[in-house]
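These notes are about the structure you will find just below.
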Amino acid sequence: MRNVWLLNISTFFFFLGISVVTPVVSPFLVSLHAEPFLVGLVAGVTSFLALVSKPIGGAVGDRGYRFHALVGGNLLGLLAGVLYVVSAISANVYLFAFARAIHGFSMGLFFPSSLSTAVDLAPEGRVGETLGWRGMMFSLGNIIGPAIGGYASDVIGFAGAFALTALFSGVGALFALTAWREAGEVVKPREHEKANYRELLRVTFVSASLTLFMFSVSYAGVTTYLPALYKSLSLPQSLFGYYMMVIGIFSLMTRVVGGKSADRRGPLPVITLGLTLLLLGYVLLNLYTLPPRSYVSAALIGAGFGLAVPAMQLMALGNLPRRIRTMGSGIYTMFFDLGTLAGQVSLGYVAQLYGYAGVFPLLPLILGVGFITLYAPVIWGKVNAR
């Protein structure tokens, strides 16, 4: 498990380096008098580059360069951090946008190899648990990072906050390099193994990916339009910050439980429980949209998120041949990105017609389609219900 934990710590610092800059991006651009459209464009370039570069990261990893991708992703994060600092000192918005693009590409390079290598290094019969621990480190980085970044920007300015991105990414690269030295041969592809990406069409991978897509469409409705509703009601934005904090805490608490349970009982029952908790959370959000009662829905959504995610990863990736697992990891995670984008756009149209509150009644219905995609293979007799 030592190699797994070196990988987990590298993952923690990589995403800490990304999330530490998240709350600083928009205020920094506003300080440079950027127009609102440019703010949105620069903020979105990272997600776009992360999305389109994941197949590249998958192909690199499947050719035997997984640890190269892990170290390289962190080093690109370090480079982005340095360019952030230079852009802050020079007040250059275009350099900052270029740095955001590099950071997005680093995510596409790092994420597939991080996920597939965790599966490869997992002890026998503990793949779900290992994915749960990895998800816990991912969540922890994304919970701590924004708090550090927001505080640092107030105390030491934008350049100081951006420097933390370079620092955390550098530490992540060191842990990835150590894991490479100790476990590089374990994940090296065998000479006789040939990549056949048509095997990604196996029913469990397709079912888990489509379920993840519907999951992320519905979740985007919460993360995008609940804060907009609070803002339209002149409520403090901190109230949504607390809402997301509750989601993060409960997701953190259930990640390992979800992974271990998926190992013992199979992923399908655990995903079902997780999605059921999410469904209950969405229903309660419709009944109690405003805090403090809305925080009950946040707890259910977070717990469901933590249970379902490692189990879906196990369902999608656990049975894939090792030679195509990194590409599989990249394609699988693209469904989350695509679902988020689809949710933001389609539900935005709903919000335009019926107001922000009109979005939330649709979330249980959208997630309901996720239950259909999850159980379609069982209905067709392609897999059993375990």
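The values are calculated or read from the model by the stated rules, or taken from the named source; none is laboratory data. Keep in mind that what you see is a predicted model, and the values were worked out from it rather than measured. Methodologically, a virtual Cβ is constructed for each residue, glycine included, from the backbone with ideal geometry; neighbour enumeration extends over all protein chains shown. When the accessible area is computed, the model is the full protein with side chains, heavy atoms only, and any ligands, DNA or RNA have been set aside. Shrake-Rupley method; radii C 1.70, N 1.55, O 1.52, S 1.80 Å.
Springs join every pair of Cα atoms under 10 Å in this Gaussian network model of the chain, and among 33, 103, 68 the largest mean-square fluctuation is at 33. Atom-type composition of the exposed protein surface of the chain places 69 percent of the accessible area on carbon and sulfur (1.4 angstrom probe). Computed from the Cα positions only, the extents of the stretch 199-385 along the three principal axes stand at 52, 32, 29 Å, in decreasing order.
Solvent-accessible area per residue in the stretch 199-385 equals 41 Å², computed with a 1.4 angstrom probe and all protein chains kept.
For a protection proxy built on the mean count of beta-carbon atoms within 10 angstrom, sort 227-236, 12-21, 292-301 highest first, please.
Result, highest mean Cβ count within 10 Å first: 12-21, 292-301, 227-236.
Using θ = phi - 60° in the Karplus curve 6.51 cos²θ - 1.76 cosθ + 1.60, the 3J(HN,Hα) couplings for the stretch 337-344 round to 5, 5, x, 4, 4, 4, x, 5 Hz; x is entered for Gly and Pro.
Per residue, what accessible area does the stretch 1-183 have, given a 1.4 Å probe and all protein chains present, in Å²? It amounts to 39 Å² per residue over the stretch 1-183.
For the pair the stretch 284-363 / the stretch 230-247, the C-alpha centres are spaced 19 Å from each other.
Ignoring ligands, DNA and RNA, how do 75, 174 rank by accessible area with a 1.4 Å probe, largest first?
Listed by decreasing accessible area, they come as 174, 75.
Go ahead and run the numbers for FRET between residue 365 and residue 178, Cβ-Cβ distance against an R0 of 35 Å, rounding to 0.05.
For R0 = 35 Å, the calculated efficiency reads 0.15.
Compactness check for the stretch 1-183: Cα Rg over 2.2 N^0.38 Å is 1.02. Charging the Cβ of each Asp and Glu at -1 and of each Lys and Arg at +1, and nothing else, the dipole of the chain about its Cα centre rounds to 800 debye.
Out of every Cα pair in the stretch 287-386, what percent are spaced more than 23 Å from each other? Tail fraction, whole percent: 44.
For the stretch 123-259, take the alpha-carbon Rg, divide it by the Kirkwood Rh, and send me Rg/Rh. So for the stretch 123-259, dividing Rg by the Kirkwood Rh gives 1.05.
Farthest towards the positive end of the charge dipole of the chain, among the residues 299, 333, 377, is the Cα of 377, using unit charges on the Cβ of Lys, Arg, Asp and Glu.
Rg and Dmax over the alpha-carbon atoms of the chain stand at 20.3, 62 Å. Whole Å is fine, so just give me how far the alpha carbon centre of the stretch 74-104 lies from that of the stretch 255-282. Centre-to-centre (Cα) distance: 39 Å.
Largest accessible area first, the listed residues 124, 182, 199 line up as 124, 182, 199 when surface is computed with a 1.4 Å probe on the assembled protein chains.
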